[in-house]
Every structure is written in C-alpha cells, then in structure tokens.
Amino acid sequence: MRVPEIADLCVMTWLLGYMDPSDPCFVAAVFTIIFNPLFWNVVARWEQKTRKLSQAMGSPYLACYVLGGVILLLNILRSHCFTQAMLSQPRMDSLDSPMARLVGLLLLGVGGVLVLSSFFALGFTGTFLGDYFGILKESRVTTFPFSILDNPMYWGSTANYLGWAVVHASPAGLLLTAVVALTYVVAILYEEPFTAEIYRRKTSQPDKRS
C-alpha cells in the first residue's frame, strides 16, 4: 500500500472515530448528496432524448424553469439534511476555535462568490441544464468565474459545505463534504463531454444569417 493511500485511510479512520456513520441523519444526508445530481442528470438526459417535458409544458423554457425549481428544492433539502447530520454528531475540539471559525467563514464567502457569480454569468436556464432543453447560449461562458476555474458552481457549493462543516467543528460535516466533492467529480465526468459536444456541433453549423 502506497503512502498516500495509508494517509487517506488514517484520515478516514480518524474522522470515523468522532462519529456514527449509521446515524439516520447522516445516512439521509449521504442519500440526498448522491441523489440530487443523479436525479437532475437522469431527467435532463431523458428530456434531451425525448423532449417529453417540453412537450408536456408547451415550452422548453417553462420545462427548464420547472426542473430548476425542483432542483432548488432538492438542494434546500440536501442542505437541511447536511446540517441535521452535523448537529446529531459530536463536535471536534481541535476545530472548535476562533481561528477555525474564521477559516470556515472565509470558505463560505469564497463559495458564495463562486456560486452567485456563476449564476449571474449563466442565467437561470444556463445554470439549470437549459442546454439539455435546446436552450443554448451563443458560445460557452468564459467570463468570471469561468475564466479562473472550471465548474465554479460545483466547487463553490463544495466550499460552502466545507466552510459550514468547519464553522460547526463537525467531523461528520467534513466527511459529508468529501462525499459532496466526490459526487460532483462524477457528475462533471458525466456532464462535461455532453456540454462540449453540443457546443462543438453548434459552432460547426453554418450561420443561417449569412
């Protein structure tokens, strides 16, 4: 076994010593963290292949707004479960300090900037999978924060959860944040090829206005 693998195992064992992973609140948090990206990717791919939502609602924009609203509600539920899982588990004394809380607040600030600036750069339909509904921008967004980081919405959300866990001195929160990050990595591997392909097709099409 390599040294990084041993170190990762030691960290996991250390965190698990502070918490009970079988606690119902923790299990619910893990479930919502994994379920949310799975849900929106399955529904969006289904829509992209069948256009059933757009047909049922009479407009791809209305269908995208409805899916976006459902995703927002699911994310609120995920954050609630995340918080309840932290509150139901012990705190970590080494993180329960003014300096740690300051670091947590800074992470929350950075995460908030990344999430909000991503939303304003993409708009509602760009944020909530509009490309799967055929709602495309002229080109892929490259302004801030996309100019400094790929997938800033996901990494901003991860920073928010990490900051929230540090503010609460919660080992359960740290472990759940790792689950969030891993889930987003999988989602990115699934989503990125599709997004790149649809914009490649768009740019390869002749300009009908010419």
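The values are calculated or read from the model by the stated rules, or taken from the named source; none is laboratory data. Given the structure is predicted, the values throughout are model-derived calculations rather than measurements. Cβ sites come from the backbone with ideal geometry, for glycine too, and all protein chains shown count toward neighbours. Accessible surface areas use protein heavy atoms only, side chains included; no ligands, DNA or RNA. Shrake-Rupley method; radii C 1.70, N 1.55, O 1.52, S 1.80 Å.
When the Cα positions of N41, V167, S94 are compared along the charge dipole of the chain, N41 comes out farthest toward the positive end, with charges on each C-beta of Lys, Arg, Asp and Glu. The calculated FRET efficiency for the pair L62 and R91, based on their C-beta separation and a Förster distance of 41 Å, comes to about 0.35. Residue-wise HN-Hα couplings along the range 100-117, as the Karplus relation 6.51 cos²θ - 1.76 cosθ + 1.60 with θ = phi - 60° gives them from phi, are 5, 5, 5, 4, x, 5, 5, 4, 4, x, 4, x, x, 4, 5, 5, 5, 5 Hz; Gly and Pro carry x.
Local charge for Y18 was computed over the other residues whose Cβ lies under 13 Å away, with Lys and Arg +1 and Asp and Glu -1, and equals -3.
Net charge within 10 Å of L136 by Cβ-Cβ distance, Lys/Arg positive one each and Asp/Glu negative one each, not counting L136 itself? Local net charge: +2. The HN-Hα couplings worked out from phi for the range 75-89 by the Karplus form 6.51 cos²θ - 1.76 cosθ + 1.60 (θ = phi - 60°) are 5, 5, 4, 4, 5, 4, 5, 4, 5, 5, 5, 5, 5, 8, 10 Hz, whole numbers, x standing for Gly and Pro. With the whole protein complex present, H80 retains an accessible surface near 100 Å², based on a 1.4 Å probe. Here are some values of P(r) over Cα pairs in 5 Å bins from 0, in percent: [x] 1, 5, 8, 9, 8, 7, 7, 6, 6, 5, 6, 6, 6, 7, 5, 3, 2, 2, 1, 1, 0; [y] 1, 6, 10, 12, 13, 12, 11, 8, 7, 6, 5, 4, 2, 1, 1, 1, 0, 0, 0; [z] 1, 7, 12, 16, 17, 15, 11, 8, 6, 3, 2, 1, 0, 0. Which one was computed from this structure? Entry [z].
Placing pseudo-labels 7 Å out from each Cα toward the beta carbon at L74 and R201 gives an inter-label distance of 2.3 nm. Placing unit charges on the Cβ atoms only, positive for Lys and Arg and negative for Asp and Glu, gives the chain a dipole magnitude near 880 debye about its Cα centre. Shape analysis of the range 44-162 yields a ratio of the Cα radius of gyration to the Kirkwood radius, Rg/Rh, of 1.08. Based on DSSP H segments of at least four residues, each scored -39500 (n - 2.57), the chain has a per-residue ellipticity at 222 nm of -26000 deg cm²/dmol. Between R45 and L189, the simple spin-label model (points 7 angstrom out along Cα→Cβ) gives 1.3 nm.
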